[in-house]
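Novice: One structure is given below, represented as structure tokens, and several questions about it will come after.
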Amino acid sequence: MRATGAALLVLMAATVSPAAAADKTHLQLMAEIRMLQEQQQQLQGLLGSLQDTLKAVVTKLDDQSSATRKAMADQTLATTNIGDNVRVLREKTDETNVRISTMAQELEALRQTIASQPPPPQVATMTPPTDLPPSTAAGAAPPVQPTSTVPPGTSPQRMYETSMDDYTAGRYDLAIQGFQGFLQAFPRLPQAAGARYNIGMSYYNQSKWPEAQDSFLKVINDYPQAQGTTLPDAYYKLGQTYERMNQIANAKKAYEAAVQKFPGPPSTLSSQSLLRLKDK
């Protein structure tokens, strides 16, 4: 009986020991699970905090980007306004320069008109000698002084433009008359060379070759300092005039002079004419 009881106790101990070990393992696993859950909660908290921080950073970046875009737009608008103001000022400056030039020409015209007026007749304060010829005795008319045909205060620019309108419209006789009057009244203005050239062109368009030749030669000889293409054009048209008069040698000389004095684009037509007349 005693042996049987001892065996039962041993059997029970062997049975209880694995169960206790299993419970201990279970408890450890549960503890580890709880630790993992706590760590997961901590990680979720950190992740939420990071998301909030990221949102704040993105919001600040968006605000800064909007502010930068607005500043750039304002700067671009300001730059555009400055450019518009500079353009307006440049246009006004150009208008002022044109007005100053026109006023200077009108003042020069007025000065020349005043200078061309005859002096007032002098009243004799002494009794003329009685032995003078009858034509010079008292009461004889004073000698006639030449006067300008241009009315006082005439604008040279307006006079030139009127003559140019006649030339453009093909009224060559009126254009010649107008440009000649301009040269008589204002021989020293910068437009004088152009007026003489246009006289030559008017004669040229009327096939009046000797008169055209004379006018183009006057442009070359009287206005050696003319600006622009007036001089090279005068040489070229002089050469063409010589061709119309069958003076080929003189035409070549005119073209050669243009090429030598004004090399490049101003004498392109003269160069082409020289090539055309090479074998003549």
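We did not get these values from a lab; they are worked out from the coordinates using the rules stated. Source: prediction; values computed, not measured. Cβ: placed from backbone, ideal geometry, glycine included. Neighbour counts: every protein chain shown.
Novice: Going highest first, how would you order 22-35, 231-244, 158-171 by mean Cβ packing within 10 Å? Don't skip to the answer; put the middle values down first.
Specialist: Working: 22-35: 10.0, 231-244: 23.0, 158-171: 16.2.
Order by mean packing, descending: 231-244, 158-171, 22-35.
Novice: Under 13 Å from the Cα of Lys278, which aspartates and glutamates turn up, not counting those fewer than eight places away in the same chain?
Specialist: Within the straight-line limit of under 13 Å, Lys278 reaches these aspartates and glutamates: Glu256.
Novice: Once label points are set 7 Å from the Cα along Cα→Cβ at both Ala20 and Val58, what is their separation, rounded to one decimal in nm?
Specialist: 5.8 nm
Novice: Using Cβ contacts closer than 10 Å as the measure, can you line up Val88, Val259, Val219 from fewest to most?
Specialist: Details: Val88 10, Val259 19, Val219 26.
Going from least to most buried by this count: Val88, Val259, Val219.
Novice: Note down the nm distance, to one decimal, between modelled labels 7 Å out along Cα→Cβ at Leu217 and at Arg244.
Specialist: 1.6 nm
Novice: Among 76-85, 200-209, how do they line up from the highest to the lowest mean number of other beta-carbon atoms within 10 Å?
Specialist: On the way: 76-85: 10.0, 200-209: 18.6.
Highest to lowest by the protection proxy: 200-209, 76-85.
Novice: Please give every one of the lysines within straight-line cross-link reach of Lys60, meaning a C-alpha to C-alpha distance under 27 Å, and leave out same-chain neighbours fewer than 8 residues apart.
Specialist: Candidates past the 8-residue exclusion: Lys70.
Novice: May I pose another question? What is the extension gain from Gln28 to Arg171, computed as 0.36 nm multiplied by their sequence separation minus the C-alpha to C-alpha distance, in nm to one decimal? The partial results should precede the final answer.
Specialist: Details: separation 143, 0.36 × 143 = 51.48 nm, distance 12.14 nm.
Contour length minus Cα-Cα distance gives 39.3 nm.
Novice: Any idea how far apart Thr268 and Ser66 come out in nm if each label point goes 7 Å out from Cα toward Cβ?
Specialist: 5.9 nm
Novice: Aspartates and glutamates near Lys261 by alpha-carbon distance under 13 Å, same-chain residues fewer than 8 away left out - which ones?
Specialist: Asp233
Novice: Ok, one more. Among Asn250, Ala234, Pro265, whose Cα projects farthest towards the positive end of the dipole of region 221-271, with charges put on the beta-carbon of Lys, Arg (+1) and Asp, Glu (-1)?
Specialist: Of the candidates, Asn250 comes out farthest on the positive side.
Novice: Quick one: putting +1 on the C-beta of Lys and Arg, -1 on the C-beta of Asp and Glu, what dipole do you get for region 188-239 around its Cα centre, in Debye to the nearest 20?
Specialist: Working: 5 positive and 4 negative charges, 14 e Å.
Approximately 60 debye in magnitude.
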